[in-house]
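J.: I have a structure I would like to understand better, so I am pasting it below and will then ask my questions one at a time.
Values in this text are rule-based calculations from the coordinates and carry no lab data. Predicted, not measured: the structure shown is a model, and the values here were computed from it. Reconstructed Cβ throughout: ideal geometry from the backbone, glycine too, with neighbour counts over all protein chains shown.
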Amino acid sequence: RYPGDTKAPNELWAYGPEVQRICTDLIKLRYRLLPYIYTLSGKVTHEHYTPMRLLAFDFAYDQNVLDCKDQFMYGPALLVCPVLEAGATSRSVYLPQGCTWVDFWTGAIYQGGTTITAEPPLDKMPLFVKSGSIIPYYTSVEKNINVDVPLEIHVFGGENASFNLYEDDGETLKYKNGNYSIIPFKWNDRTKEFIVGERIGDYAVKDRDLIIKLKGKDVIKRIKYSGKEIKVILK
């Protein structure tokens with residue numbers, strides 16, 4: 001959507017069927033990622049967090065990231081590398097040291113501290129996931145905050161990981177008075193144990209169906225979460 005006073009159309013279909021399809025798919029992805037995005041927004045409100053930031057925030061020990069002006073981290077897990085040159089079909093991507101990186105779209109694994117050439121199709125922005133990450137997803141894209149659908153928890157192994165899922169009612173200002181909750185997730189890469197911790201806070205919802213997936217492996221566990229700690233083995 002174009003902001004401000006402009007004559008450019010805002011409707012997706014105004015730019016043709018291909019652009020409409022691409023934008024629709026990306027909007028659906030955004031809706032599926034809302035548990036991750038909403039958690040980052042909660043951290044902005046309660047912790048003054050910076051969700052979109054230069055690589056030096058996370059990889060200060062890697063001098064090579066100082067030259068990366070067109071890549072950024074979005075939250076603790078996602079490395080975003082947009083193609084900014086009109087007509088370009090590839091771009092150079094630097095993957096910071098200290099971890100491995102997983103191509104969000106293909107699952108291909110790359111070593112950190114390397115530069116690769118990404119050749120994405122028009123509908124896929126180069127996007128990579130840091131090893132040792134946990135990303136929660138909605139299983140459907142019906143509305144912004146939807147506690148009625150199962151929650152998918154994608155675990156990217158290779159390192160230990162943690163993620164504190166933030167939830168509130170998504171509609172009122174009650175969160176300012178403490179009416180929100182945190183559900184801690186922890187992953188032990190050595191033992192392959194995934195822990196859904198006890199819910200913390202005053203905002204409680206009914207039992208949740210969680211689908212826990214270990215990415216890169218054919219391992220899926222389904223559990224019912226009622227606010228108490230649950231441990232599962234993903235192997």
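J.: Please report the Cα spread of the stretch 50-130 along all three principal axes, rounded to whole Å, starting with the longest.
T.: Answer, in whole Å and largest first: 33, 24, 22 Å.
J.: Two decimals is fine: what is log10 I(q)/I(0) at q = 0.18 Å⁻¹ for the stretch 133-233, from a Debye sum with one equal scatterer on every Cα and no solvent?
T.: -0.86
J.: How many nm is it between the label spots at Lys186 and Thr114, if each spot is 7 Å from the Cα in line with the beta carbon?
T.: 3.3 nm
J.: Can you compute the helix-only [θ] at 222 nm over the chain? Use -39500 (n - 2.57) per DSSP H run of at least 4 residues, normalise by all residues, nearest 500 deg cm²/dmol. Please list the in-between numbers first.
T.: Working: 2 runs with 30 residues, N = 235.
It comes out at -4000 deg cm²/dmol, rounded to the nearest 500.
J.: Among 168-181, 73-86, how do they line up from the highest to the lowest mean number of other beta-carbon atoms within 10 Å?
T.: On the way: 168-181: 13.7, 73-86: 16.8.
Packing proxy ranking, top to bottom: 73-86, 168-181.
J.: While we're here: Could you let me know the centre-to-centre spacing of the stretch 218-235 and the stretch 56-127, using Cα atoms, in angstrom?
T.: Taking the Cα centre of the stretch 56-127 as reference, the centre of the stretch 218-235 is 31 Å away.
J.: DSSP beta bridges in the stretch 116-232, what fraction antiparallel, as a percent rounded to 5?
T.: Numbers: 29 of 34 bridges.
The antiparallel proportion sits near 85 percent.
J.: Mind checking the dipole of the stretch 50-130: about its Cα centre, +1 per Lys or Arg Cβ, -1 per Asp or Glu Cβ, Debye to the nearest 20?
T.: Rounded to the nearest 20 debye, it is 140 debye.
J.: Taking the Cα centre as origin and putting +1 on Lys and Arg beta-carbons and -1 on Asp and Glu beta-carbons, what dipole magnitude results for the chain, to the nearest 20 debye?
T.: Values: 30 positive and 29 negative charges, 124 e Å.
Using only the charged Cβ atoms, the result is roughly 600 debye.
J.: Next question. Quick check: from the Cα gyration tensor, does the chain come out rounded (a/c under 1.5), prolate or oblate?
T.: Details: a/c = 1.65, a/b = 1.21, b/c = 1.36.
Since a/c reaches 1.5 but b/c is at least a/b, the shape of the chain is classed as oblate.
J.: Further, regarding this structure: To the nearest 20 debye, what charge dipole does the stretch 133-233 have about its Cα centre, counting +1 at the Cβ of each Lys and Arg and -1 at the Cβ of each Asp and Glu?
T.: About 360 debye.
J.: Could you tell me which of rounded, prolate or oblate describes the stretch 14-77, using a ≥ b ≥ c as the square roots of the eigenvalues of the alpha-carbon gyration tensor, with rounded for a/c under 1.5 and, failing that, prolate when a/b is larger than b/c and oblate otherwise? List each step's numbers first, then the result.
T.: Details: a/c = 3.38, a/b = 1.48, b/c = 2.28.
The shape class here is oblate.
J.: Reachable lysines from Lys217, Cα under 16 Å, same-chain residues fewer than 8 places away excluded?
T.: Here the lysines satisfying the reach criterion relative to Lys217 are Lys192, Lys235.
J.: With a 10 Å radius around each residue's Cβ, average the other Cβ atoms per peptide and rank 152-165, 105-118, 190-203, highest first. Could you put the intermediate results ahead of the total?
T.: On the way: 152-165: 19.1, 105-118: 13.0, 190-203: 15.6.
Going from most to least packed, we get 152-165, 190-203, 105-118.
J.: Now a separate question. Sort 55-67, 35-47 for me by packing, meaning the mean count of neighbouring Cβ atoms within 10 Å per residue, highest on top.
T.: The densest-packed peptide leads the list: 35-47, 55-67.
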